[in-house]
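The values are calculated or read from the model by the stated rules, or taken from the named source; none is laboratory data. This structure is a prediction, so every number in the text was calculated from the model and none was measured. We place every Cβ from the backbone using ideal geometry, glycine too, and count neighbours over all the protein chains shown. In case anyone asks, the SASA skips ligands and DNA or RNA and just uses the protein heavy atoms, side chains included. Shrake-Rupley method; radii C 1.70, N 1.55, O 1.52, S 1.80 Å.
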Amino acid sequence: MSAEHINLTEAEWTVMECLWKKSPLPSREITEQLEKSAGWTRSTTNTLLARLEGKGAISTVTKGRSKSYSAVLRREDAAMHETEDFLDRVYHGSLSMMVSSLTKKQALPKSEIDKLYAMLKDLEGGNSDG
């Protein structure tokens, strides 16, 4: 499985957020951060780190008795995969159906409408960088 197609649970996203902010991080720092922010024990954090390593989302370097972890999976790739999965699952791949659904619930500010127009204009011109 390529790194771009790794499915992350909500708890795994929490761990990855730590590593996307700063990598590498010693396991001790990750444990301390997640104990404060999520109330997790060291055991919970270590289980999630092992799971993420098994998925190929992170890498580990061991020096003596300490381990440091680094993100392998880029945040942009994880976000894109989650977005595509959500769009396929909920809206059968229809971006227009999703936008329609979102705009029925709340009015878009003019600045957001302007951004959407600009993106559509770029796509129409053949520029898909958005």
Residue check for Arg65: open to solvent by 50 Å² or more (accessible area, probe 1.4 Å), of a type in the set (Lys, Arg) and closer than 21 Å to Leu8 by Cβ | no
Failed item, numbered, when Glu10 is tested on (1) in contact with a Lys or Arg (Cβ under 7 Å, 6 or more places away or on another chain); (2) surrounded by fewer than 13 Cβ atoms within 10 Å (Cβ to Cβ); (3) not hydrophobic (A, V, I, L, M, F, W, C) = (1)
Among the numbered conditions (1) surrounded by 14 or more Cβ atoms within 10 Å (Cβ to Cβ); (2) under 19 Å from Asp85 (Cα atoms); (3) at pLDDT below 95, tell me where Ser23 comes up short.
-> (2)
Give the stretch 68-110 a look and list any residue that's open to solvent by 50 Å² or more (accessible area, probe 1.4 Å) and on the phi > 0 side of the Ramachandran plot, or say none.
-> His92
Trp13 vs. criteria at pLDDT 95 or above and in contact with a helix residue (DSSP H, G or I) (Cβ under 6 Å, 6 or more places away or on another chain) | no
So which residues in the stretch 31-49 are under 17 Å from Glu10 (Cβ atoms), of a type outside the set (Ser, Thr, Tyr) and assigned to a helix (DSSP H, G or I)?
-> Gln33, Leu34, Ala38, Leu48, Leu49
